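The structure appears right after this line, and notes come after that.
The values are calculated or read from the model by the stated rules, or taken from the named source; none is laboratory data. Source: prediction; values computed, not measured. Here the Cβ is made from the backbone with ideal geometry for all residues, glycine too, and neighbour counts use every protein chain on show. The area values use the complete protein model at the heavy-atom level, side chains included, leaving out ligands, DNA and RNA. Shrake-Rupley method; radii C 1.70, N 1.55, O 1.52, S 1.80 Å.
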Amino acid sequence: MFNIVLFNPEIPQNTGNIVRTCAVTDTKLHLIKPLGFSIKDKYLKRAGLDYWDEATISVYENFEDFLMKNDVKNLYLLTTKGDKNYTDFKFKENDYFMFGAETKGLPDYIHQKYPSTRLRIPMIPKENARCLNLSNSVAVLLYEALRQHNFESMK
């Protein structure tokens, strides 16, 4: 129903946890290289446990490769630079939600291409509280989108 896009993910445990979340929600996962780990990494597999075979995962060489191979109608960027709350949007089936690298976020050229769909998850304004963990952010956003669709096809 939805698509999670990870741009240059760096931490294998985060991606493994996201694989698990995607598997139990029937959400497609798109990984854009470079990845900060090998897909065969034991930490990645451990975090995803036995959900790897249950998830639909595609890997792309770069952002252009991702766009060329997918019919992306709605792409939302989840970023601390977003000026709109994620709850302010009505998400549609097949929407894409893109998250940046854990230490760098998304590059400027992607921000410039999609300025009107930059969303944020509200947090307290505190210098040392920079952002939520990537896998937690994915879960927060994805479950809001699923809630808006009354958790169709889920128990």
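The requirement of being under 16 Å from residue 5 (Cβ atoms), free of Cβ contacts under 8 Å to residues at least 40 places away in the same chain, open to solvent by 100 Å² or more (accessible area, probe 1.4 Å) and not β-branched (Val, Ile, Thr) is satisfied by residue 113. Residues of region 130-140 that are open to solvent by 40 Å² or more (accessible area, probe 1.4 Å) and either more than 12 Å from the chain's Cα centre (by Cα) or at pLDDT 95 or above (or both): 130, 131, 132, 136, 140. Give, as residue ranges, the strands (runs of 3 or more DSSP E) completely inside region 37-125 that count at least 2 residues that are under 22 Å from residue 12 (Cβ atoms) and modelled with pLDDT of 95 or more. The qualifying strands (runs of 3 or more DSSP E) are 56-60, 96-99. Only one entry in 144, 102, 127 is exposed (fewer than 13 other Cβ atoms within 10 Å of the Cβ) and out of contact with any strand residue (DSSP E or B) (no Cβ under 9 Å at 6 or more places or on another chain), namely 127.
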